[in-house]
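The values are calculated or read from the model by the stated rules, or taken from the named source; none is laboratory data. Since the structure is predicted, the reported quantities are computational estimates derived from the model, not experimental observations. Cβ: placed from backbone, ideal geometry, glycine included. Neighbour counts: every protein chain shown.
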Amino acid sequence: MLLRDQTGRVLLVHPVYKDVWEVPGATVEPDESPADACTREIREELGLSIPAGALLCVDWVPASPPWDGGLMFVFDGGVLTADQIAAMRLCPDELDGFQFVEPGRLDEVLIPDWLGGSP
C-alpha cells in the first residue's frame, strides 16, 4: 500500500527477514482478494485500519529464492494524519523500522526492480 505523510513523503518499512526497504504489504492468502490482503496486512504490520484505495500499479516480479515470483498489486492508502502516524505500532515479528522518504529519493532507498529498473 502506498501511504504518504502530509508533506508527500512515502512510507517505507524494513522487514526483519530482508535487507531492503519496501512499501508495506505482503502476500495474498487463499480465497482473499489483493485489496483485502492489503488492508489486512496494514492492520497486522502497522496497527492501522486503512482500506485499500484505488489500484495504482500491477507488476510481475520474477522469483528470487526463497521467494516465488508473482504479481505485485500496489493500492493507494492516502495521506496519513499525524495521529495515525503516532498510533502506528510495528509488528515486531515482521518489521523493525519505518521511514518516510521524499519521492525523489525513492530510487536511492528501494531495490531497483521495485521502480522498474534493472538490478
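Some notes on this structure:
- Pairs, first within 20 Å of residue 33 (Cβ to Cβ) in region 54-73, second at pLDDT 85 or above and polar (S, T, N, Q), C-beta under 9 Å, six or more apart: 70/27
- The one condition in (1) at pLDDT 95 or above; (2) surrounded by 15 or more Cβ atoms within 10 Å (Cβ to Cβ); (3) in a loop (DSSP other than H, G, I, E, B) that residue 3 fails to fulfil: (3)
- In region 6-17, the qualifying residues are those that are more than 10 Å from the chain's Cα centre (by Cα) and farther than 13 Å from residue 45 by Cβ, and the one that is surrounded by the fewest Cβ atoms within 10 Å (Cβ to Cβ) is 7.
- The single residue among 22, 44 that is without any contact (Cβ under 8 Å) to a residue 60 or more places away in the chain and under 13 Å from the mean Cα position of the chain (by Cα) turns out to be 44.
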